[in-house]
1. With respect to A45, is the statement that it is surrounded by 15 or more Cβ atoms within 10 Å (Cβ to Cβ) and in contact with a Leu (Cβ under 9 Å, 6 or more places away or on another chain) true?
2. Need pairs with beta-carbon distance below 6 Å; first residue open to solvent by 90 Å² or more (accessible area, probe 1.4 Å) and within region 9-36, second among the hydroxyl-bearing types (S, T, Y); sequence gap 6+ or separate chains.
3. Please go through region 48-70 and give me each residue that is surrounded by 12 or more Cβ atoms within 10 Å (Cβ to Cβ) and not hydroxyl-bearing (S, T, Y), ordered by number.
4. Within the set of pairs 6 or more residues apart or between chains, which connect a residue that is over 21 Å from L31 (Cβ atoms) inside region 53-66 to a residue that is open to solvent by 60 Å² or more (accessible area, probe 1.4 Å) with Cβ atoms less than 9 Å apart?
5. Report the residue count in region 26-82 for those that are among the β-branched types (V, I, T) and either over 19 Å from M1 (Cα atoms) or touching a His at 6+ places or on another chain (Cβ under 6 Å) (or both).
Amino acid sequence: MLISRTADRVTLDMDLAEAKRLGVALREGPLTLSRAEFFIRTGVAAESACSVADTLIDAKDLTTAPVEVPFPAGDEATENPRRPRPQRNPQA
């Protein structure tokens, strides 16, 4: 695997077997933790991590054109809904 960096980007260059191994490793986290715990530890929605992992696992099926996989930061209210939050005063 080759990792290169420009000013604000990182590029991974790997063969298909490496992509599959990396995808399987990335997929394991969301499978072993609750949705909330995964978000607390990573700041990422489990669904986003799984999407990236699945794309890497299935890389052999991709065309040779670049593929963009969204990987946004998670929303805490969605990913960790049981966390107590201060009540907002609508008249403040």
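The values are calculated or read from the model by the stated rules, or taken from the named source; none is laboratory data. As the structure is a computational prediction, the values presented were derived from the model and not from experiment. Because the Cβ atoms are built from the backbone with ideal geometry, glycine has one as well, and the counts that use them run over all protein chains shown. SASA here: full protein model, heavy atoms, side chains in, ligands and nucleic acids out. Shrake-Rupley method; radii C 1.70, N 1.55, O 1.52, S 1.80 Å.
1. no
2. none
3. A49, C50, V52, A53, D54, L56, I57, D58, A59, L62
4. K60/L16; K60/K20
5. Here the count works out to 7.
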